[in-house]
Amino acid sequence: MKILVVDDEQDVKVLFQQRFRKEIRKGELNFVFAFSGEEALEKMESMDQEAVLILSDINMPGMSGLELLKKIKENYVAPPPVVMMVTAYGDEENRNTSKALGADDFLTKPLDFNELKTKLKDMV
């Protein structure tokens, strides 16, 4: 399963590579990283919609995760990727806006990687 992780924090890449080392080595999960909403759209274009799941931070400079979510849901419909929004703020406004824009799930930072692994296994 190809997963696009979108977060302006560079250390997220190392964190995911460490936490999913076994799944990556077995070829079960393939992570692609983008460090802005704009870069995420470029990667999606070049991947020809291979990403099955997109994990996107909400609060990023430039294009926010909510703006990215809106563009993904408008432009990538067949097949639609699953989009999980991630934010450091568990506030209801971001959660409600994410759901209204079509987010499939909502996670808060710091990420509970055991919970995320369970969600990913349910998708496979």
Fill in the blank from the handout: Conditions (1) surrounded by fewer than 21 Cβ atoms within 10 Å (Cβ to Cβ); (2) touching a strand residue (DSSP E or B) at 6+ places or on another chain (Cβ under 8 Å); (3) farther than 25 Å from Lys121 by Cα -> Leu53 fails only (3)
Problem - Total residues in the stretch 57-110, condition β-branched (Val, Ile, Thr), under 12 Å from the mean Cα position of the chain (by Cα) and over 21 Å from Lys13 (Cα atoms) - result: 1
Exercise for the section: Taking Met84 as meeting all but one of (1) at positive phi; (2) in contact with a strand residue (DSSP E or B) (Cβ under 6 Å, 6 or more places away or on another chain), write down the number of the exception. Expected result: (1)
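Does Ser98 fit the bill of being of a type in the set (S, T, N, Q), modelled with pLDDT of 90 or more and either part of a helix (DSSP H, G or I) or touching a helix residue (DSSP H, G or I) at 6+ places or on another chain (Cβ under 8 Å) (or both)?
yes
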Completion exercise
If we keep only residues of the stretch 16-31 that are under 18 Å from the mean Cα position of the chain (by Cα) and not charged (D, E, K, R), then the residue nearest to Ile54 (Cα to Cα) is Phe31
Exercise for the section: Return the pairs, sorted by first residue and then second, in which the second residue is in a helix (DSSP H, G or I) and modelled with pLDDT of 90 or more, the first residue lies in the stretch 96-124 and is surrounded by fewer than 11 Cβ atoms within 10 Å (Cβ to Cβ), the beta carbons are less than 9 Å apart, and the residues are 6+ apart or on different chains. Expected result: none
Practice task
Select from the stretch 34-50 the residues that are crowded, with 22+ Cβ neighbours inside 10 Å and touching a Gly at 6+ places or on another chain (Cβ under 8 Å) and list them in ascending order.
Solution key: Gly37
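Considering each residue of the stretch 58-73, count those that are touching a strand residue (DSSP E or B) at 6+ places or on another chain (Cβ under 7 Å) and modelled with pLDDT of 95 or more, and give that number.
3
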Practice task
Using the structure shown, decide if Lys43 is farther than 20 Å from Glu115 by Cα, among the basic types (Lys, Arg) and in contact with a helix residue (DSSP H, G or I) (Cβ under 7 Å, 6 or more places away or on another chain).
Solution key: no
Practice task
Return a yes/no flag: does the stretch 72-84 have any residue that is among the aromatic types (Phe, Trp, Tyr), surrounded by 15 or more Cβ atoms within 10 Å (Cβ to Cβ) and in a helix (DSSP H, G or I).
Solution key: no
Exercise for the section: Residues that are closer than 17 Å to Pro110 by Cα and either of a type in the set (D, E, K, R) or in contact (Cβ under 8 Å) with a residue 24 or more places away in the chain (or both): find the strands (runs of 3 or more DSSP E) completely inside the stretch 1-71 holding 1 or more of those. Expected result: 2-6, 53-57
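The values are calculated or read from the model by the stated rules, or taken from the named source; none is laboratory data. What you are looking at is a predicted structure, and each value in this text was computed from that prediction instead of being measured. Neighbour counts are summed over all protein chains in view; Cβ atoms, including those assigned to glycine, are modelled from backbone coordinates with ideal geometry.
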